[in-house]
Amino acid sequence: MSSLQRRIKIGYDLLAHLWGSKSRYRIHSPLVYTFVTEVLPHKEEAVFNRIHKLRESLSQTEDIISWEELGAGSLHFPQASASVKDLVRRVVRRHREGALLYRICKHYAPTCGLELGTHLGISSIYQALGMEEGRLMSIEGVPAFARLADKNLRDAGVEVELRVGKFEHILSQLAREGYHPDYIFLDGNHTYEATKAYFQFLLPMLADGGILVLDDIYWSGGMRRAWREISDHPEVSVSLDLFFFGVCFIRRPQAKEHFPLRFLPF
């Protein structure tokens, strides 16, 4: 499928999602109602100012970054290189998406968070700011991205444990160490096979009552399939389809519920 065809397909999927999504008035689950009324609505916070300043600085940076493509590639960069300012303009996390990650972390207050896919560190900053009493670890497979992310994290004044290497190698090491996060943001290799493999590996590590957030669940046919299978998994008690994100609550045991919700990050 070409880049243009994929964009058209995503646009049709978004319209269908918006048509079928639920409002707060059609939700009876207390957990989901709280998410819709207290977490989902956008709110500006003073702490976002440091991210806005960082974005502004990066958007003027002409430095070229080259990388080896490790996942499913990008809709925006058929070549594996780009200037920092182009990365910020075209692929770095949109503010309202980052702000939602911040609110999820702030509301549910995880103590041990794990992010797969640091990229330039913008999403990491939002989540770390929300985890006021917790600690975030982020894994990045591309050394060039990790170097810039490390600088951006320090410039933003947040503490994130950044590990660089192949996801599967680092995850295996964390499992041997007895690492058990209660919050995971999966934003790495956007293929069906990789997403399912990471989910199956991470699920036993994820603490009971934990939260798993998946990025770009409608990015491709493979990602849509992976999201359907993950949200149907018996240990995912509540799944929220926000189109741009999928949010899974792990409650063992609890009656299974699935909700498509309206979220526009524009």
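Within region 87-102, identify whether any single residue is of a type outside the set (S, T, N, Q) and closer than 17 Å to residue 174 by Cβ, and answer yes or no. Scanning region 87-102, I find no residue that is of a type outside the set (S, T, N, Q) and closer than 17 Å to residue 174 by Cβ, so the answer is no.
How many residues, within region 176-185, are open to solvent by less than 50 Å² (accessible area, probe 1.4 Å) and more than 21 Å from the chain's Cα centre (by Cα)?
The number of residues fulfilling the criteria is 1.
Filtering region 247-258 to residues that are buried (at least 20 other Cβ atoms within 10 Å of the Cβ) and more than 15 Å from residue 198 (Cα to Cα) leaves 247, 250. Of the residues that make up region 23-34, is at least one in contact with a Lys or Arg (Cβ under 8 Å, 6 or more places away or on another chain) and modelled with pLDDT under 90? Yes; the residues of region 23-34 include at least one that is in contact with a Lys or Arg (Cβ under 8 Å, 6 or more places away or on another chain) and modelled with pLDDT under 90. Taken over region 210-234, the residue count meeting the criterion of being more than 16 Å from the chain's Cα centre (by Cα) and closer than 23 Å to residue 255 by Cα is 6. Of all residues in region 29-43, those that are touching a residue at least 12 places away in the same chain (Cβ under 8 Å) and not in a helix (DSSP H, G or I) total 4. Report, by residue number, each residue of region 157-169 that is farther than 12 Å from residue 123 by Cβ and either surrounded by 21 or more Cβ atoms within 10 Å (Cβ to Cβ) or among the acidic types (Asp, Glu) (or both). Hits for region 157-169 are 159, 161, 167, 168.
So that you can scan it fast, the table gives a plain yes or no per residue for (1) among the aliphatic types (A, V, I, L, M); (2) in a helix (DSSP H, G or I); (3) touching a Gly at 6+ places or on another chain (Cβ under 6 Å):
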| position | (1), (2), (3) |
| --- | --- |
| 126 | no, yes, yes |
| 133 | no, no, no |
| 147 | no, yes, no |
| 152 | no, yes, yes |
| 155 | no, yes, no |
| 163 | no, no, no |
| 168 | no, yes, no |
| 179 | no, no, no |
| 184 | yes, no, no |
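Number of residues in region 211-242 that are of a type in the set (Asp, Glu) and open to solvent by less than 30 Å² (accessible area, probe 1.4 Å) equals 2. With respect to the conditions (1) under 30 Å from residue 49 (Cα atoms); (2) among the β-branched types (Val, Ile, Thr); (3) out of contact with any Asp or Glu (no Cβ under 6 Å at 6 or more places or on another chain), residue 164 lacks only one, and its number is (3).
Restricting attention to region 145-156, the residues that are touching a residue at least 40 places away in the same chain (Cβ under 8 Å) and open to solvent by less than 20 Å² (accessible area, probe 1.4 Å) total 3. Of note, residue 188 does not satisfy the criterion of being among the small types (Gly, Ala, Ser), surrounded by fewer than 16 Cβ atoms within 10 Å (Cβ to Cβ), under 22 Å from residue 97 (Cβ atoms) and touching a helix residue (DSSP H, G or I) at 6+ places or on another chain (Cβ under 7 Å). Of the strands (runs of 3 or more DSSP E) lying entirely inside region 213-266, those carrying at least 1 residues that are in contact with a Cys (Cβ under 9 Å, 6 or more places away or on another chain), closer than 23 Å to residue 191 by Cα and not polar (S, T, N, Q) are 238-241.
The values are calculated or read from the model by the stated rules, or taken from the named source; none is laboratory data. Predicted, not measured: the structure shown is a model, and the values here were computed from it. Note: ideal-geometry Cβ built from the backbone for every residue, glycine included; neighbour counts use all protein chains shown. Each accessible area value is taken on the protein alone, full model and side chains, heavy atoms only, with ligands, DNA and RNA left out. Shrake-Rupley method; radii C 1.70, N 1.55, O 1.52, S 1.80 Å.
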